[in-house]
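All remarks here apply to the structure that follows.
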Amino acid sequence: MSVTKIKKRDGTIVDFDPEKIYNAISKAAEAVGSYDREKTKPVVAKILNYVEQQFNDKNIPTIEDMQDIVERVLIEEGHVKTVKVYILYREEQAKVRQKKQELVGGFVDKNMSLNALKILKEKYLLQDNSGNTIETPEQMFRRVAKAIALIDKDYEKEPDIKAVEEEFFQSMNNLEFLPNSPCLMNAGTEMQQVISCFGLPINDSLEGIYDTLKIAAKIHKYGSGTGFNFSTLRPRDDMINSTKGGSSGALSFLKLFDSSTSIIKQGGKRRGANMAIIHVTHPEILNFISAKEDPAQLTNFNISIAITDKFMDAVQKNKFYDLINPRTKKVVRQLPAKEVFDLIARQAWKNGEPGVLFIDTINKKNYLSQKIQITSACAEAPLYENEACPLASLNVSRSVENKKINWEKIKKTIYTAVHFLDNMIDANQYPTEEIEKITKSNRKIGLGIMGFADMLFQLEIPYNSKEAVDTAEKLMRFIKAESRKASIELAEKRGSFPNYKESRFAKKGFKMRNATTTAVAPTGTISIIAGCSSGIEPAFALAYMQKIFGGEEILQVNKNFEAKAREKQVYTDELMKKIVQMGSLKWFNEIPADLKKIFVISYDVEAKWHVKIQAAFQKFTDNAVSKSVNLPEDAHKEDVVKVFKTAYGLGCKGITVYRDKSREDQIINQLN
């Protein structure tokens, strides 16, 4: 063919692929139930003939030119119904493109969804003093890549900053990996707070409490989250030596921190995310367990109970255990462990909180000698006091080709991401010198994944299967191994982290740039930006309706499901709209059994598979795994107890559950 190139809407020139014409026509034909590839061949041949007559590599056709020719040939060949669908599709996509350009004031790649753009405009893209958006997503990625790449000059005499910047930019712009949200918001700005996770101390004094509150406010202001352990605070009515009065208690100060977070809206864009941890032996444990019984209370905090092996043993043996005053270190009371455990499970059944942290498991698998008592806001990063950890996530849905995982592509992205994350530690502007010192002493990073459910769809593996568990283990084993190799490579050039001699790595005899390299975060907003499923969660929906212009709605269908439904010739807009209403495919006789088996959503998945998947990832994760076990509305408290015990037995570092419809503000609802 004389035409080998085509011009995209953004002006870039790419290779011309005739197969895309087949795909476009097939979608339109399938919509009217008349697709036949053999009958399509002469239509495509005629289209290509017109292209050859009108264009060449000096006169390169545009996307619009190509679509005009497709319309013309379909009309000439008498495919009236098919061309009607094709024209309507073009019009609908034109509306979406127009809306995208209106949102950000410039051209946007088709890979970026309308939902992603709305989030980017609201929270990430830079604005002028009048609140007008002044950058596109591509410019945002360029800003971030440039700011993080500049750190290389601190380690190399003649760094190729432009090449590093381009490597970082291409990986982000291609949505192969994305850093945590504060990096996208703040890199290259006046306040370059790019790390998302901070652990802060709470000292048992009024001065210490308010010092921490002030630091937390600074952190929240620029979009990051904080974790606290309130177990250090004396219980309610305990003696205050300076006033001879009684303490208001740990829970009262949690409420203070929550109120402060409501006032300090993160970066002017989102409210603070916090983790409040209380040790199971704290005298106020019962109050903390039920602290969020009223869903209107403590809305800025996740609450987790730090549970020990000793407590779990007491639960198993139905024994009493000690409550200890953190000020005096003396036993003040005993409680029946099983009843406390059941109370935690009942409250979690009621509205999803508290979660549990298996604190001894966290410390047994800690690569450093000091005990950990804090985690990040979503528990994916166990932290020391005054420590921060940058996060990033690989979009593994972009590493599947012809139903196989492209391991080389993942490896390349891992090396890019580890380099990026290590640079983030030096690029970050810290709220205190102490946090900077401790963070740089350990240089923890957390590389995780998103798009796991989409990856399984492409591999045609059900989420609720042993094959999915095996895939999770194989994938995370690879990411852990390669991220460590990347860290070792950086250590050869930049040196090991300062606390290296106190780590297990020193005993094993190999250098490491970073004390940890992996953590699996929930990836709420960045997975929307990347256009993939969230973290390691199952898909929450296969289809939904999206509003665009003045209430007008367009149908959005998971691209992997849509492709298979068209292949099986069961796709219709009417069927997809029914799926929007019902959620699960299990209600539809017209959907083939093999598709029902593969394309499961969260509430199709039994609790045991949720836990097994989390445990599979945790097995090869240095830090921790953030995931929710979704339970059906009719689940019982005993189901939660079983989830907690199973997670503990499988080596998870923590676990949370969410029962369908247990909160009024639930984002996605399933019909009965």
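Using Cβ counts within 10 Å as a stand-in for footprinting exposure, how do S533, S262 rank, fewest first?
Values: S533 27, S262 11.
Going from least to most buried by this count: S262, S533.
So how strong a dipole does region 541-600 carry about its Cα centre when Lys and Arg Cβ are +1 and Asp and Glu Cβ are -1, to the nearest 20 debye? Please report the intermediate quantities before stating the final value.
Details: 10 positive and 8 negative charges, 53 e Å.
Dipole magnitude for region 541-600 comes out near 260 debye.
Provide the gained length on full extension for the span K508 to K81, in nm with one decimal, where the gain is 0.36 nm per separating residue minus the Cα-Cα distance.
The span from K508 to K81 would gain 146.9 nm if fully extended.
May I ask which of K58/K110; K121/K364; K319/K661 have a Cα-Cα span longer than 31 Å here?
Details: K58/K110 26 Å; K121/K364 43 Å; K319/K661 34 Å.
Long pairs (Cα-Cα over 31 Å): K121/K364; K319/K661.
Run the numbers on region 541-600 and let me know its relative contact order in percent, using alpha-carbon pairs under 8 Å that are six or more apart.
Values: 55 pairs, mean separation 21.0, N = 60.
Once normalised by length, the contact order is 35 percent.
Excluding same-chain residues fewer than 8 positions from K153, which lysines have a Cα within less than 23 Å of its Cα?
Leaving aside lysines fewer than 8 places away in the same chain, those within reach of K153 are K162, K412, K437, K440, K444, K485, K493, K511.
Measuring from the lowest to the highest alpha carbon on each principal axis, how far does region 5-104 reach, largest first, in angstroms?
Each principal axis gives a Cα extent; for region 5-104 these are 40, 33, 19 Å.
Tell me the label-point distance for the pair D57, S130, using the 7 Å Cα-to-Cβ offset, in nm and rounded to one decimal.
Each label point lies 7 Å from its Cα, and together they span 4.7 nm.
Work out the charge dipole of the chain with +1 on the Cβ of Lys and Arg and -1 on the Cβ of Asp and Glu about the Cα centre, then indicate which of L650, N423, S196 is farthest towards its positive end.
L650
Please arrange E387, E408 by how many other C-beta atoms lie within 10 Å of their C-beta, fewest to most.
On the way: E387 27, E408 9.
The order, fewest Cβ neighbours first, is E408, E387.
Based solely on C-alpha atoms, express the radius of gyration and the Dmax of region 123-181 in angstrom.
13.1, 42
So for T375, T361, T432, T299, fewest C-beta neighbours within 10 Å to most, what's the order?
On the way: T375 30, T361 21, T432 15, T299 12.
The fewest-first ordering by Cβ neighbours comes to T299, T432, T361, T375.
State the Cα centre-to-centre distance between region 52-93 and region 537-607 in whole Å.
What the calculation gives is 29 Å, centre to centre.
Mean separation of Cα pairs under 8 Å and 6+ residues apart, divided by the residue count of region 5-104: what relative contact order is that in percent? Each step should come with its number before you reach the end.
Details: 71 pairs, mean separation 32.0, N = 100.
Reported relative contact order: 32 percent.
Starting from the Cα gyration tensor of region 201-375, take the square roots of the eigenvalues, sort them a ≥ b ≥ c, and report rounded, prolate or oblate (rounded when a/c is under 1.5, otherwise prolate if a/b is larger than b/c, else oblate). Don't jump to the answer; show the numbers that get you there.
Details: a/c = 1.56, a/b = 1.31, b/c = 1.19.
Because a/c hits 1.5 or more and a/b exceeds b/c, region 201-375 counts as prolate.
Scan the chain and note any complete DSSP helix (H) whose C-alpha atoms cover at least 27 Å along its axis and whose Kyte-Doolittle average is -0.5 or more. Please list the in-between numbers first.
Values: long enough: 80-104 (36 Å, -0.72); 407-427 (29 Å, -0.13); 466-494 (41 Å, -0.75).
Long hydrophobic helices here: 407-427.
Taking the Cα centre of the chain as the origin, how large is its charge dipole in debye, to the nearest 20, when only Lys and Arg (+1) and Asp and Glu (-1) carry charge on their Cβ atoms? Walk me through the numbers before you get to the answer.
Details: 99 positive and 87 negative charges, 310 e Å.
My answer is approximately 1480 debye.
Readers should treat all values here as calculations from the given coordinates under stated rules, not as data from a laboratory. In this text the structure is predicted, and so the values were computed from the model without any measurement. Counting neighbours? That spans all protein chains shown, and the Cβs are built from the backbone with ideal geometry, glycine included.
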